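See below for the structure under consideration.
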Amino acid sequence: MRLPWTSLLLLSAGIFVAVTSEFLPIGLLPQLRDELGVTEAQVGLLITVFAGTVVVATAPLTHLTRAVPRKRLLVALLAVFAVANLVAALAPGYAVLVVARIIGGAAHGVFWAVVSPYAARLVTPDRLARAVAIATSGATVATVAGIPLGTLLGAAVGWRASFAVIAGLVVVIAALIVVVLPPVEHRAGDAAAAALPTARRDATIVPVVVLCATVVLVTLGHATFYTYIAAWVIEVARIEAGAVAGILLLFGVAGALGVVLAGVLGDRFPRALLPVLLVGVAGSVAALAVLADQPAAVVVFLVLWSAFLGGVPVIFQARLLHTASPALRDIAAAWLTVAFNIGIGGGALLGGIVIGAWSLAALPLVTVALLLAALVLVAAVGLLARRAEAQISTESAAS
């Protein structure tokens with residue numbers, strides 16, 4: 001069976017605009033601050049509000065929309081997202097912009113929760129990791145290209161134009177989804193599960209929850225350091241400020257390469273690849289702590305960090321879809337989205353605490369500690385998943 005490239009790339013395009021919009025205020029900070037008459041911290045709060053809405057709203061909204069056909073739901077979510085960005089573009093003041101971010105965050109969280117299961121239903125199980133890698137690669141493209149391009153557009157014609165362009169792109173993608181994307185049946189698994197004993201339906205909940213806890217630890221560790229990477233590169237590694245943009249571009253490109261490798265290798269090594277990637281991330285970050293006074297080594301290990309990390313979200317998504325029962329798959333994807341956003345928001349907060357209590361130099365050490373803890377949970381997920389499979393087999397034989 002050939003991969004449905006057009007459908008997967010359409011899903012990826014939706015992720016691209018969603019992630020670009022999520023982090024757009026970072027690049028538009030000076031314009032937002034000056035035109036709206038707010039502080040830099042208040043502009044930063046626009047990111048926090050968006051992520052916080054994702055954390056709070058994703059699981060209940062995914063549950064409420066569980067009976068809605070997935071294609072129809074994707075189009076509806078994109079419509080809401082387009083409205084949110086249009087409201088942001090036309091916002092007369094900061095308060096309305098905050099409301100727009102809340103609306104956008106609610107749609108963003110559910111969209112993320114739907115995309116990976118949708119991609120999984122378009123392919124056979126042996127191509128799941130590759131399909132998820134393609135469908136979610138839009139996040140990496142947004143980091144490497146979307147956010148910088150939005151920033152350049154904002155600098156050239158104003159921040160409102162950046163949000164307006166995002167709204168227009170969302171409308172185009174929604175129209176293409178209506179025409180091109182094939183529908184999928186997501187309720188068949190629920191109907192089949194309803195006829196089975198409760199133990200069978202619930203057997204995968206524990207490994208799914210532990211997997212989400214692992215995601216929190218990994219994302220928390222990464223965000224703790226990466227949120228302050230520019231300051232660390234300048235103040236700890238003593239690299240000139242003018243070189244930071246180029247280093248971060250290399251970081252983004254390496255992450256994109258990691259996504260590609262995860263898509264290729266994820267289906268061949270579904271269990272072994274995740275711990276290997278996490279060991280690679282931990283080793284690279286540990287090397288940064290030890291070799292911080294050697295600029296060339298810093299660049300090399302930053303690139304390795306990103307290359308190993310780039311594939312981690314893809315493998316987490318694929319691992320979740322393999323682990324969760326059909327009845328649990330959609331809500332489990334929502335939990336995973338929440339877990340990622342808890343890590344992102346919590347990492348920025350934890351990094352600030354670490355800097356205040358110790359220094360920038362302590363950040364990689366905290367990251368390594370969190371990644372080592374995550375490796376312990378990865379092993380636990382594997383054990384719990386095997387037990388769940390055994391329980392399901394027992395219940396199936398008994399029935």
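The figures follow:
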item	result
Some residue of the range 272-292 being surrounded by fewer than 16 Cβ atoms within 10 Å (Cβ to Cβ) and not in a helix (DSSP H, G or I)	yes
Members of the range 59-84 that are basic (Lys, Arg), modelled with pLDDT of 95 or more and either open to solvent by less than 60 Å² (accessible area, probe 1.4 Å) or farther than 27 Å from ILE331 by Cβ (or both)	LYS71
Residues (over 23 Å from ALA203 (Cβ atoms) and either open to solvent by less than 40 Å² (accessible area, probe 1.4 Å) or touching a residue at least 60 places away in the same chain (Cβ under 8 Å) (or both)) located in the range 327-353	PHE340, ASN341, ILE342, GLY343, ILE344, GLY345, GLY346, GLY347, ALA348, LEU350, GLY351, GLY352
Residues located in the range 11-30, provided they are among the aliphatic types (A, V, I, L, M), open to solvent by 20 Å² or more (accessible area, probe 1.4 Å) and touching a residue at least 60 places away in the same chain (Cβ under 8 Å)	ALA13, ILE26
Residue satisfying all of: in the range 293-311; open to solvent by 40 Å² or more (accessible area, probe 1.4 Å) and aromatic (Phe, Trp, Tyr); nearest to the chain's Cα centre (by Cα) among these	PHE308
The one condition in (1) in contact with a helix residue (DSSP H, G or I) (Cβ under 7 Å, 6 or more places away or on another chain); (2) at pLDDT below 95 that VAL87 fails to fulfil	(2)
Residue list for the range 122-152, filter: of a type in the set (Val, Ile, Thr) and at pLDDT 85 or above	VAL123, THR124, VAL132, ILE134, THR136
Residue list for the range 145-159, filter: surrounded by fewer than 17 Cβ atoms within 10 Å (Cβ to Cβ) and part of a helix (DSSP H, G or I)	ALA145, LEU149, LEU152, ALA155, ALA156, VAL157
One residue from VAL368, VAL303 being within 22 Å of LEU265 (Cα to Cα) and modelled with pLDDT of 90 or more	VAL303
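Condition check ((1) outside any helix (DSSP H, G or I); (2) without any contact (Cβ under 8 Å) to a residue 12 or more places away in the chain) across all residues:
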site: THR58; (1), (2): no, no
site: THR62; (1), (2): no, no
site: VAL68; (1), (2): yes, yes
site: LEU73; (1), (2): no, no
site: ALA76; (1), (2): no, yes
site: ALA95; (1), (2): no, yes
site: VAL99; (1), (2): no, no
site: ALA107; (1), (2): no, no
site: VAL115; (1), (2): no, no
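The values are calculated or read from the model by the stated rules, or taken from the named source; none is laboratory data. These numbers come from a predicted model, not from an experiment. Note that we place each Cβ from the backbone using ideal geometry, even for glycine, and neighbour counts take in every protein chain shown. SASA here: full protein model, heavy atoms, side chains in, ligands and nucleic acids out. Shrake-Rupley method; radii C 1.70, N 1.55, O 1.52, S 1.80 Å.
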